[in-house]
Amino acid sequence: MEFGIFGWWLMLAALFQLSSIHACLREEREALLRLKASINSSYVYLFTSWNSSQEGRNCCDWESVVCDNTTGRVIELHLSYVRAPYQEVWYLNASLFLPFQELKYLDLSYNAISRWAPNEGFERLSGLSKLEVLDFSGNNFNESFLLSLGQVLSLKELYLRGIQRDRPINIPISELGRLKNLQELYLDGSYIDKSFLNKVGVMTYLNVLSIQYCGFNGSLPIVQGLCELMNLRELDLSHNDFEGILPSCLANMTQLRIFDISSNRFNGSIDLSPLPSLKPKLRFSPPSSHC
């Protein structure tokens, strides 16, 4: 009889464990509610599921939140366009994300982010040691916002698209150069200072570089420039105002599979036959003599 009671207790404990394995942690649920208050979005409907009621206690079921199926820990936050364009600028507090220690993906694009809260920038975000994908596209910050970016050493993909300013933004290449795990960098549609092209060669570990619609002009620099990026698989230079002859050293990028230089003013040609992986169907655009 005693063994039977003990067996029932074991079964109940196992059922309890199974029922809670997909539920989020209380501290992460509370952290999400603090984040919601900080966002202060006028789009109320976006956060209707983010509540502390009995029905909403499992934050893994909330919109824009993705949890690990086994641990129940938050691993992705999809927070693009959660603030209305007419709302006042958002001074972002990186400490709000520190409770999510398993976070791998963070999208904060198009939210009128202007700057960090004092002493709450990338140096704090570096506490997320598993963060691999970070999207700050479509916000309105300058280069000072990107200081200490190099401390988020786990990053593999970085999106800084559509950062529009009244003057070119100076991308801190020294910070990017510290991100040895970074494989993909997207700057499309951002008004970038041309000095970036003279220094980008330090990021030799990049697989993807996309800088279309960035307002670049003139010729492509060779020294410490694109030709140093020998691991590139995708290179998109389209819709700028580049001109002159393509550097012949581009033919040494033997890993290149996608190469888009359309809508520029390049002239002449280079022999790309040494690039065995480059295929026309993968969006290759030959040199053009017109815009």
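The values are calculated or read from the model by the stated rules, or taken from the named source; none is laboratory data. Computed from a predicted structure; not experimentally measured. Please note: Cβ atoms are built from the backbone with ideal geometry, for glycine as well, and neighbour counts cover all protein chains shown.
Hey, among the residues in segment 83-105 that are in a loop (DSSP other than H, G, I, E, B) and within 18 Å of the chain's Cα centre (by Cα), which one's surrounded by the most Cβ atoms within 10 Å (Cβ to Cβ)?
Result: 100.
Across segment 142-165, which residue is modelled with the lowest pLDDT among those that are surrounded by fewer than 19 Cβ atoms within 10 Å (Cβ to Cβ) and among the hydrophobic types (A, V, I, L, M, F, W, C)?
If we take residues in segment 142-165 being surrounded by fewer than 19 Cβ atoms within 10 Å (Cβ to Cβ) and among the hydrophobic types (A, V, I, L, M, F, W, C), then 147 is modelled with the lowest pLDDT.
(1) touching a helix residue (DSSP H, G or I) at 6+ places or on another chain (Cβ under 9 Å); (2) surrounded by 15 or more Cβ atoms within 10 Å (Cβ to Cβ): which one isn't true of residue 57, the others all being true?
(2)
Got a number for residues in segment 234-265 being under 24 Å from residue 189 (Cβ atoms) and of a type in the set (Val, Ile, Thr)?
Residues that pass the stated criteria total 2.
How many residues are within 16 Å of residue 235 (Cβ to Cβ) and crowded, with 21+ Cβ neighbours inside 10 Å when one looks only at segment 166-191?
Going through segment 166-191 one residue at a time, the tally reaches 3.
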